[in-house]
Amino acid sequence: MLSTFAAGFVALSVLFASACSDDNESDSSNSTESPSSGEDGTTTLKIEENASGFLATTGSINTSDTKWIGFSGGYVESLTSGKAVVYTVKAESAITDAKIALHYANWQSTNVRGAYVSVNGTLVNENKPISMTYTNKGTQSVVVEDRWIDTGYLTGVSLNEGNNTIMVYGAPAATYSNFVPTEKDTENGLTSLVVNNDGQLSNIDYLIVNGKGIDYGTDTTKYYAFSLVSENDAAGTVTSDASVLTLAEGTVVNLSATANNGWKFQCWSDGSSENPYAKTVSESSEISAHFIPSDYEAPTAEEGYVGYATVTSDAAVAYTITGGAGGETIEIASLDDLTSNSSKLSGSMPYIVKFTNAERITTTTDASIIMSIGSNKTVYGAVTGAGLKNIEMRVSGKNVIIRNLVLGEVIAYDTYKGKGNDALSLNGATHVWVDHCEFHSNLSPKYNSGSDVPDSGDADFKKDFYDGLLDLKNGASWVTISNCYFHDHWKAFLCGSGDSHDDGDSDMRLTVVDCFFKDINSRQPLFRWGKAHLFNNYFLSENTEIKGNSNCIDVRVGSAVLAEANYFSGVKNPIGIDLAGSGTNGEEEYSFPDSNELEECVNTPAPGSSSYKPAYEYSPASASVAKSYVVENAGATFTSLSY
């Protein structure tokens, strides 16, 4: 059965033991504390995060909190539904009378939580959670005696000879007449525990284990966060036999997807199309089931629906983007419409979002704002000129179509900036098709009102007044950008969060096809970490301010890029390798076949030697044919598009 912990769970990388310094005015470091022996011959262990006996958590570890002090070196927080902490304890021989408690803090008086304990995969206190009621929050940066307290002991716990795995996770919301109280609970006469935070834990400082002949365990098993969701709750449901969502490496989880009436299951997000599906856990992951309407007709390659948006694995397992199919239509004609429908736009229910204003919707001041888009959305312009100005469209969901919109002029310079930076941001979004859109700003910055901005004297002022036109980051993947027009911008198209870290960007898969890049200074795109395929695009530089300076495709750290049958004219560098000098040269791969056509290019690269080839099928035209096609068709042309 599906664990109740699945809802809203976000997979995070597992954390492993390593010593951490204490810089928070707490009473001790979180290095391993020597076991203490009692007069009764038992040993008491206090197992800290990132120390001996600690295996993993799918929450997060805080070692720098200077506000709610009193913990010993660090603590585990963000233990929302489905997350857990895993420890290991070694016993000289099997015992049946071990005791387990937690040193914890709960600073929200209305939130009552309970802890379940699993030992070697068996829940040992079902219907008897360890109480995690309110503790004293007190004044920031002041030590308060009962801010961090011990729970009562869960008794009669059996440990096997050798290493034992102890997992702590949140108890379901319920009323429990049988529970393990804290000393404060007993003093307050608490006779029942009403858990109202389903599956959640409070902040944990350390685990306490008492028993004869025990010591810190030496197990090194890796544990990973695992979650299962339906990509579209209106389309179908998912179940698994996992009772806990923090799983040991190699665990086999049995998954099943059931489509609702009018829908059918297509695939899992990891590329499997088996249903039911036996999934072997090997990394932290969120697995989602993709459903499509039973009678849905997918877009054709001639419309631009090609490449990575059409698959969900490097083995080219088919994925059909349906966007908001099956959902109601929301008409957007004003800024008020965006605001009043924000929860629908950012949610996961399917909607067709129809822009009906022939002028771009914009902000009332120079401060930019964000329009958030969740899963299962089709967002499109129904009339010529529809779009957004000084408003960032930020997509964080799955299964999204964006078409026929004019986007850009999002003010990002520090003096004026608001909440938005880029015209379109795919922030962790997966399976997104962006087609027939126009992206632009101004090479000379403009106020939102259209008047010129005085030159600040800063050499970087012009190129930093706006940020990007399109960003992919934080694991955004399975994306196709087709038939789009990018123009009059300094730094247009960024893929990857940074040179020094990939933030999941190594999973990025991007196709850019039939796009027109005109008078762009750089980043067309700048690509890091993942894999990108660019074909049948046209790159042109005519503006005298940037002519001869344009760097088109920048290949950076960890990336593999194939650029073929593109046309370059008036640019300086069709392909640039590590142009920023970030010290990562040699870690990139690119292939630049002779099928590209070059005109007036200063630095013409030799054909690359990368072996990278996309797994999906495609049929590129010649570069010269693509050039003519792109000039006539790229951008928000509003032709041959029906909804």
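No lab work stands behind these numbers, since they all come straight from the coordinates. Note that the structure is a prediction, hence the values are computed from the model and not measured. A quick note on method: Cβ atoms are made from the backbone with ideal geometry, for glycine too, and the neighbour counts reach across all protein chains shown.
Values as computed for the structure displayed
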quantity: Phi to ³J(HN,Hα) by Karplus 6.51 cos²θ - 1.76 cosθ + 1.60 over segment 310-322, Hz, x for Gly, Pro; calculated: 9, 10, 9, 6, 6, 8, 6, 5, 5, 9, 9, 6, 10
quantity: Packing rank of 190-200, 50-60, 462-472, where each peptide gets the mean count of other beta carbons within 10 Å, highest leading; calculated: 462-472, 50-60, 190-200
quantity: Potential lengthening between Glu145 and Thr356 on full extension [0.36 nm per residue; Cα-Cα distance subtracted]; calculated: 69.9 nm
quantity: Highest to lowest packing among 352-358, 321-327, scored as the average C-beta count within 10 Å; calculated: 321-327, 352-358
quantity: Cα-based equivalent ellipsoid, segment 50-135: semi-axes from gyration tensor eigenvalues, Å; calculated: 24, 18, 12
quantity: Relative contact order for the chain, counting Cα pairs under 8 Å that sit 6 or more residues apart, in percent; calculated: 9 percent
quantity: For segment 275-283, Karplus couplings with θ = phi - 60° (6.51, -1.76, 1.60), whole Hz, Gly/Pro x; calculated: 7, x, 9, 8, 9, 8, 6, 9, 6
quantity: Contour excess over end-to-end distance, with Cα ends at Ala316 and Asn603 and 0.36 nm allotted per residue; calculated: 99.8 nm
quantity: Degrees, to the nearest 10: 623-633 long Cα axis against longest axis of the chain; calculated: 90 degrees
quantity: Radius 15 Å from Cβ of Leu338, net charge of other residues (Lys, Arg +1; Asp, Glu -1); calculated: +2
quantity: Using alpha carbons only: equivalent-ellipsoid semi-axes of segment 394-494, gyration tensor based, whole Å; calculated: 26, 14, 11
quantity: Rg over Rh [alpha-carbon atoms, Kirkwood Rh] for the chain; calculated: 1.03
quantity: Highest average packing first - 284-290, 366-372, Cβ atoms within 10 Å; calculated: 284-290, 366-372
quantity: Calculated FRET value between Ser334 and Ala278, using beta carbons and R₀ = 60 Å, to 0.05; calculated: 0.75
quantity: Gain on full stretching of the segment that runs from Ala301 to Asp507 - 0.36 nm per residue minus C-alpha separation; calculated: 71.8 nm
quantity: Along each principal axis, Cα extent of segment 484-583, largest first, Å; calculated: 37, 26, 17
quantity: Restraint check, Lys389/Lys613; Lys46/Lys137; Lys446/Lys627, Cα-Cα greater than 27 Å; calculated: Lys389/Lys613; Lys446/Lys627
quantity: Ratio Rg/Rh [Cα only; Rh per Kirkwood] for segment 63-208; calculated: 0.97
